[in-house]
Amino acid sequence: MSELRSDSLKPAMTRGSGRVYFWQGGSLWIGEGQGRTQWHEHHAHQLAVALSGSFRFRTEAEGAWTAYEGAIVPGKCAHQFEIDGAASLAHLFIEPETRAGRALTARYGSNSVAELPAAGARAAARLLSEALQSSQLAKDMVEAATLAVAELCETAIKPAEELDPRLTRALEYIRSNIRNSLSLSEVASAIALSESRFRHLFVAGTGSSFRAYLLWLRINLAIEAAMTGASWTDAAHEAGFADSAHLTRTHKRMFGFEPTAVRLHTIV
C-alpha cells in the first residue's frame, strides 16, 4: 500500500448517515453526507453516483478537484473525496477479482479516477433511489445495486477469462475462515502451493497483498456487525481486530474518516 498523504490545510470533517448493504464481493453505501475525507485507498473499485447534488475527487495533493455526477475510483488508487454542502449519494464497492470487478476494470481501466457515462450514472441513480424509496429491504437493495453495476458495465458481466481456479479456492477458504487468525502459509497449504508461488498468484489475481485483502474483508465484517446494532468495540472483536483502535485506524486508511463519523441505520 502506498504512503497516503496528509491534508493539513483542511482536515477531514466528513459527516453522514445512511445504510450499508453487503453481498459477496460487493457492498452498497447509500445516504447523505458532507465534508472532505482524508487521503485513503481501498482494495475494491468504488462506483460513486450522486442521487442529488454532486461531489468531487482528486488524486494529487496539489492537484485540482474534479466534480462528477458519477465516477469510478479503481482499487488501490489513493484519493480524496469531497462534498461541497450536502448531497445524497450511493457508493458501490466492487472487489476487482469478482466477475463484475473484472468487467469494470476492462471498461474503465485501473489507473485513476474516471468519469462514468452520464446516462449510465443517471440510470444507476434512478434504480437505487427507487429501491430506497419503495423498500429498503436488504434483498431489494442488493438486487438494485447489482442491476446498477451491470448498467455501468454496459454489458452482461462476462469477463474474457476466469480467475485461476487455485485463487478461487483460496478466496473461498479465506472467506470461510476470516473470523479466525489466518496466515499466508496456511492458505497456501490449503491449495497446495508454496508460499512464494501463492503470494505471486494472489497479488496478480486480486491486485492487493494478502494482508491488505484480509483487512478489507475484516473492516467490512465490522461494519456489517455495526449495522446490526453492535458497538464498534464488539464489532472490532467480532471481525478479528485487536481492538477498536485498530479498527478505527484501518477504517480511516480505507475510507478516509473514522467509523463514528457516519450514523448507520439498522437494515433488515
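Read-outs: derived from the displayed coordinates by stated rules, not from any lab. This structure is a prediction, so every number in the text was calculated from the model and none was measured. In this analysis, Cβ positions are derived from the backbone assuming ideal geometry, glycine residues included, and neighbour counts consider all displayed protein chains.
By count of other Cβ within 10 Å, fewest leading, how are THR105, THR206, THR233 ordered? Write down the numbers at each step before the final one.
On the way: THR105 19, THR206 23, THR233 13.
Least crowded to most crowded, the residues run THR233, THR105, THR206.
Rounded to the nearest 0.05, what FRET efficiency is calculated for TRP65 and THR233 with R0 set to 22 Å and r the Cβ-Cβ distance?
Step by step, r from the Cβ atoms, then E = 0.05.
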| Student exercise, the stretch 15-153 dipole from Lys, Arg, Asp, Glu Cβ charges, in Debye to nearest 20 | 140
| note | The ³J(HN,Hα) series, computed from each phi in the stretch 231-241 with the Karplus coefficients 6.51, -1.76 and 1.60 at θ = phi - 60°, rounded to the nearest Hz and given as x for glycine or proline, is 5, 5, 5, 5, 4, 4, 5, 5, 8, x, 7
| field | Radius of gyration, Dmax [the stretch 186-230; alpha carbons; angstrom] | value | 13.8, 41
| said: Could you give each residue of the stretch 163-168 its phi-based ³J(HN,Hα) in whole Hz, using Karplus coefficients 6.51, -1.76, 1.60 with θ = phi - 60°, and x for Gly or Pro? | reply: 5, 4, x, 5, 5, 4
| In what order do HIS265, HIS246 fall by count of nearby beta-carbon atoms within 10 Å, going from fewest to most? | HIS265, HIS246
| task | Measure nothing fancy, just the Cα-based angle from helix 138-153's long axis to the longest principal axis of the chain, in degrees from 0 to 90, nearest 10. | result | 90
| field | Relative exposure of LYS139, LYS252, judged by other C-beta atoms within 10 Å (fewest first) | value | LYS139, LYS252
| Spatial extent of the chain: Rg and Dmax, with the Cα atoms as the point set, Å | 17.9, 53
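Per 0.36 nm of contour for each residue apart, how much would the distance between SER183 and ALA86 grow if the chain were fully extended, relative to their Cα-Cα spacing?
Values: separation 97, 0.36 × 97 = 34.92 nm, distance 4.24 nm.
Extra length from SER183 to ALA86 when fully extended: 30.7 nm.
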| said: Treating only the Cα positions of the stretch 145-223 as identical point scatterers, give the base-10 log of I(q)/I(0) from the Debye formula at each q in 0.12, 0.19, 0.21, 0.24 Å⁻¹. | reply: -0.42, -0.89, -0.99, -1.12
| said: Using only Cα atoms and rounding to the nearest 10 degrees, what angle (0 to 90) does helix 195-206 make with the longest principal axis of the chain? | reply: 20
| task | Would you mind checking the tilt of helix 118-134 against the longest principal axis of the Cα atoms of the chain, expressed as 0 to 90 degrees and rounded to 10? | result | 90
| remark: Phi angles of the stretch 68-80, converted by Karplus (6.51 cos²θ - 1.76 cosθ + 1.60, θ = phi - 60°) into ³J(HN,Hα) in whole Hz with x for Gly and Pro, give 9, 8, x, 8, 10, 10, x, x, 6, 9, 5, 7, 10
